[in-house]
Amino acid sequence: MHPRSPYAEYTDFAQLAEGYPSLAKHLVNNSINFKDPDAVRELTKCLLKRDFGLTVDLPEDRLCPTVPNRLNYVLWMQDLIDSTSGGPTDDYDPGRKVVGLDIGTGASCIYPLLACASRPGWHMYGSDIDAASLRAARSNTALNADLIGGRITVLESTPDGPLFPPDIETLDFTMCNPPFYGSAADHAASAAAKALPPSSACTGSAAEMVYAGGGEVGFVARIIEESWNRGGDTTWYSSMVGKLASLAPLVESVRARTGNYAVTEFRQGATRRWGLAWCWGGLRPRGVGGVRGVGAPFPTVVAVGGRGSVGRVVGVVEGLGVGWVGDGGKEGGPVEGEGDRVVGRGEARGDVWSRKARRRKGRGEMEVEGGEVKMGFRVEVVGGEVVVRWTRGTDQVLFESFCGMLRRCVKEAPQAA
Ligand code: SAH
């Protein structure tokens, strides 16, 4: 469960049904029967209404999404986007316009609806190839025009056409709940294992759930490939996967090209899903996560020691000729915050702190000013603990070396009185 999710691990159906007679009639012993498609659809509609003010129609022959589980993914995207704005903090900026794409939005159009209902500055495209789903998704968007305004656009894709509609120029992020299965037989076997009717609301129809080009691994591999060709230094591409075994090979194919990615586990009740997100540019998110058995991204938040005072750390950094940047162009020093938490932002054009670099500088061989910024960082002193937050750049060795230098400085500095 995501920390900002309003949902407990399991929904209190009795409480929810109090306000929704349409759900109350499906209650059996204060729970609902997840094998009953009508009950599952009613639950989704009630949660979307109660918690997001959304009105949604769900066709009987299309996948019915579970809300808490879908919300976890949307909240994770919010975290990634908030912490890669390039701004002075990792916090939500309500004034920022953000544009996202949901590949395979389905009949419910659930991801665009949740994303736009919870963030007034967000705009979403939702694509699909299935005519019935596209119709339903457009109708669900129209049903919520009051809340969503014109912020959702539903687009038709074709099975062999591009996954990123070429007309969309700017994208801050993309998300996807891919067709899980490689064949109709896999799909049927999975439904049978869960003792569900072959195409129930919970498992979706074969048209939605099967990708003959290799199931979810094949589909997400295609997203990775097409995203590489599309480029976009600031776009966060992502997908959910339904099987842990799918995650490792996909992470490997991202890692072959960049270390700038994040992984997570979405857990809701007994259901586990996984998320993978990557960016071909250098904007580093705050939480990169980690999933056991899967190659972990390099952390972007590193504690370097517990005895630093911000003044000393700032002095050390400045003494080395690493530049500090003011807050949004404001004059007046790099350090902001009060009391327990103080933050300084800075950027480096290269290694100017190692012994080798200082020797070169001593011989007048090093150009410190000018050149491209190689690394952006914040130094945060929280309750005396010095933490480095890597905000920008792709050079892991440079960042590690910077952390090592600060770690030594913090350790060597005399204990504050
Ligand atoms: N996002 C919805 C539906 C996910 S099911 C949810 O989370 O509930 C996967 C969806 O991907 C289906 O609606 C299917 O029609 C769609 N799809 C399959 N291939 C696609 C493609 N090439 N481009 C866009 N959508 C596709």
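Results, tabulated for the structure shown:
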item	result
Kirkwood Rh, Cα atoms: Rg over Rh of segment 132-178	0.98
Built amide H within the under 5 Å cut-off of Val304, gap 5+	Val386, Val387, Val388
The chain: calculated mean residue ellipticity at 222 nm from DSSP helix runs of at least 4, using -39500 (n - 2.57)	-10500 deg cm²/dmol
Rh (Kirkwood; distinct C-alpha pairs) - segment 13-278, Å	19.0
Distance (nanometres) between label positions extended 7 Å along Cα→Cβ at Ala14 and Ala185	4.7
Per-residue HN-Hα couplings for segment 215-222 [Karplus 6.51, -1.76, 1.60; θ = phi - 60°; Hz; x = Gly/Pro]	x, 5, 5, x, 5, 6, 4, 5
Sequence-distant residues sharing a close amide H with Asp395 (under 5 Å, placed H)	none
Over segment 192-312, volume per residue of the alpha carbon convex hull, in Å³	162
Cα pair distances exceeding 26 angstrom across segment 80-201, given as percent	31
Antiparallel DSSP beta bridges within the chain, as percent of all bridges there, nearest 5	70
R0 of 30 Å, Cβ-Cβ distance Ala270-Ile129: FRET efficiency to nearest 0.05	0.45
Cα-centred dipole magnitude for the chain, charges only on beta-carbon of K, R (+1) and D, E (-1), debye, nearest 20	1400
Other-chain or far-sequence residues with amide H under 5 Å of Arg286's (modelled H)	Ser83
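Bear in mind these aren't lab numbers, they're just calculated from the coordinates by the rules spelled out. These figures come from a predicted structure and were not determined experimentally. Here Cβ is always computed from backbone atoms with ideal geometry, including for glycine, and neighbour counts include all displayed protein chains.
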